[in-house]
Amino acid sequence: MRSLPLLAEAPQRRLPDWLKKPLPRGNEDFFTHRLLAELRLETVCVNARCPNQAECWSRRTATFMILGNVCTRPCGFCSVPRGEPLEIENDEPERLAEAAYRLRLKHVVITSVTRDDLPDGGAEHFRRCILAVRQRTGAAVEVLTPDFLGDRSALDTVISARPEVFNHNLETVPRLYRRVRGRADYQRSLDLLAYVKQQDRTIITKTGLMLGLGETLDELLDVLADVRAAGCDILTLGQYLAPTLKHIPVARYVPPEEFDRIAANARRFGFLQVVAGPFVRSSYHADEMVRPHAQTDPNA
Amino acid sequence: MPKPIQMPDLGGGPVRLSIWYAEPGERVLEGERLVEVLTDRATFEIVAPATGTLTEKYAFPNDPLQPGQLLGLILEDTLLS
């Protein structure tokens, strides 16, 4: 007998046509699924309910989320659970490195929950993860970090491991920060990007924003100017999609052609790479964003 | 053995079947879109895992779906000959 549908939880409305994706054939995503389960690793793919998960996992890639799956900040756009954070697992760097090795990754993206409860915000754990992955796989490492409350010594710790890419997402325009990013601070995030570039110009810096939260084009262009002034190399722009009905609702679905126009505008600011589209996420095809430009320095 | 059409893991959250693009008895080509499913974050098209004849449908429009659920069966061409 078929069970009754949970109508209250089921999606009720049809999304715009452009928010449609074909699903990959085969069961490659189950390989990734099993490996991550075996090694007890968290991913932002699952925790953020990413619409690209099936595609990425079928390509045997995932974005690892370290330092547990409980966040200390209540951001209105994010579905990662918040509450009492978990203890750091000391063997996580080795388990992560093992997963990267078995997935044969050449470009490994590591992000984390925000850990304002830790004295260094988890920076040392980031450093250990970068080094472990590099030693086991030789892969390029991209980190997507929280703001470490602007703590420069925490940033120095991560920078000292020399990740190939240092990503910190601005997420939205400053007017919407309180509602979208809670305790984050726009200027602090900008300063973080500038500081990383000042400390090591060989590290590619990167940021991302979600569109469709209620920002205006002028506000967005102001942010892009700020980001470039901070020396940021790579920009990603994607559609905000509310994880559940409890999160900030989508203000607007931005059509693909509008993403194209915004990207063309953004490129005039001199970014090394601009990737924009409804399903673009900061870690989506992250390896491809870096590959064509690995040897260039737009800030030189 | 007929080829199963399985519901992939879309990363949690409610999923509902929207429409089938083929009826039982129709021939389908591997890679051709076969089923549309809706989530609150994207619409996904599940493609035919093999070329052959769609023989069974086990899920229908508006049904809530779970990862791994069997949606239907395709009898592959090679098994028909």
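For the protein assembly as shown, what is the percent of antiparallel DSSP beta bridges, rounded to the nearest 5?
Here the antiparallel bridges make up roughly 45 percent for the protein assembly as shown.
How big is the charge dipole of segment A:132-239 about its Cα centre, in debye rounded to the nearest 20, if each Lys and Arg gets +1 on its Cβ and each Asp and Glu gets -1 on its Cβ?
So the dipole magnitude of segment A:132-239 works out to roughly 300 debye.
Under 5 Å between amide H atoms, partner at least 5 residues away or on a different chain: which partners does B:Val28 have, H built in plane at 1.01 Å?
Result for B:Val28 returns B:Gly52, B:Thr53, B:Leu54.
Could you derive backbone 3J(HN,Hα) for segment A:171-182 from the dihedral phi with the Karplus parameters 6.51, -1.76 and 1.60 (θ = phi - 60°), listing whole Hz in sequence and x where the residue is Gly or Pro?
6, 7, 7, x, 4, 9, 4, 4, 6, 8, 10, x
Students often get this wrong: which residues of segment A:248-266 have the backbone nitrogen under 18 Å from the point 7 angstrom along Cα-to-C-beta of A:Arg179?
A:248-254
How would segment A:201-300 be classified by its alpha-carbon gyration tensor: rounded, prolate or oblate, with rounded meaning a/c under 1.5 and the a/b versus b/c comparison settling the rest?
prolate
Under a Cβ-only charge scheme (Lys and Arg +1, Asp and Glu -1), can you give me the dipole magnitude of the protein assembly as shown about the Cα centre, in debye to the nearest 20?
Computed charge dipole of the protein assembly as shown: roughly 240 debye.
Can you tell which of A:Leu23, A:Gly212, A:Ala132 lies farthest toward the positive end of the dipole of chain A, using +1 and -1 charges on the Cβ of basic and acidic side chains (Lys, Arg; Asp, Glu)?
Checked the options; the winner is A:Leu23.
Using only the Cα atoms of the protein assembly as shown, build the gyration tensor, take square roots of its eigenvalues as a ≥ b ≥ c, and label the shape rounded, prolate or oblate: rounded if a/c is under 1.5, else prolate if a/b is larger than b/c, else oblate.
Since a/c reaches 1.5 and a/b is larger than b/c, the shape of the protein assembly as shown is classed as prolate.
Rounded to whole Å, give me the distance from the Cα center of segment B:1-56 to that of segment A:110-139.
If you average the Cα positions of each part, the centres end up 39 Å apart.
Say each of B:Glu32 and A:Glu257 gets a label point 7 Å from the Cα, pointing the same way as Cα to Cβ; how far apart are those two points in nm?
Spacing of the two 7 Å Cα→Cβ label points: 3.1 nm.
Counting only pairs 8 or more places apart or on different chains, how many lysine pairs in the protein assembly as shown have C-alpha atoms closer than 29 Å?
Eligible lysine pairs with Cα atoms under 29 Å apart amount to 14.
Starting from the exponent 0.38 and prefactor 2.2 Å, build the expected Rg for segment B:2-76 from its residue count and divide its actual Cα Rg by it.
Rounded to two decimals, the normalised Rg is 1.01.
From the phi of every residue in segment A:136-146, what ³J(HN,Hα) in whole Hz does the Karplus formula 6.51 cos²θ - 1.76 cosθ + 1.60 yield, where θ is phi - 60° and glycine or proline is x?
Computed from phi, the couplings for segment A:136-146 are 7, 10, x, 6, 5, 10, 10, 10, 10, 9, x Hz.
For segment A:57-125, what does the alpha-carbon gyration tensor say about shape, rounded, prolate or oblate, given a ≥ b ≥ c as the root eigenvalues, a/c under 1.5 as rounded, and a/b over b/c as prolate?
Oblate, since a/c reaches 1.5 and b/c is not below a/b.
In chain B, if the dipole is taken from +1 on Lys/Arg beta carbons and -1 on Asp/Glu beta carbons about the Cα centre, which of B:Met1, B:Gly12, B:Gln69 is farthest to the positive end?
Farthest towards the positive end: B:Gly12.
Need the full-extension length gain, A:Asp117 to A:Asn265, defined as separation in residues times 0.36 nm minus the C-alpha distance. One decimal, nm.
My answer for the length gained is 49.3 nm.
Take every Cα pair under 8 Å in chain B that's 6+ residues apart, average their separations, divide by the length, and report that relative contact order as a whole percent.
Once normalised by length, the contact order is 40 percent.
Okay, helix-only estimate at 222 nm for chain B: each DSSP H run of n ≥ 4 adds -39500 (n - 2.57), divide by all residues, round to 500 deg cm²/dmol; what do you get?
Helix-only estimate at 222 nm: -500 deg cm²/dmol.
For segment B:2-76, what is the charge dipole size about the Cα centre, in debye to the nearest 20, if Lys and Arg each add +1 at the Cβ and Asp and Glu each add -1 at the Cβ?
Magnitude of the dipole: close to 80 debye.
May I ask you to derive the FRET efficiency for A:Thr202 and B:Phe60 from their Cβ-Cβ distance with R0 = 56 Å, giving the value to the nearest 0.05?
Computed FRET efficiency for A:Thr202 and B:Phe60: 0.50.
What distance in nm lies between label points placed 7 Å from Cα along the C-beta direction at A:Ala229 and A:Arg34?
Result for the modelled spin labels: 5.3 nm.
At a Förster radius of 45 Å, what calculated FRET efficiency corresponds to the Cβ-Cβ distance of B:Asp77 and A:Arg291, to the nearest 0.05?
My answer for the efficiency is 0.70.
Within segment A:227-272, list the trypsin sites (Lys or Arg not before Pro) lying in a DSSP loop whose Cβ has at most 13 other Cβ atoms in a 10 Å radius.
A:Lys246, A:Arg252, A:Arg268
Every number here is computed from the coordinates shown, using simple stated rules; none is lab data. Treat the numbers as computed from the prediction; the structure is a model and nothing was measured. All Cβ positions, even for glycine, are placed from backbone atoms using ideal geometry, and neighbour counts span all protein chains on display.
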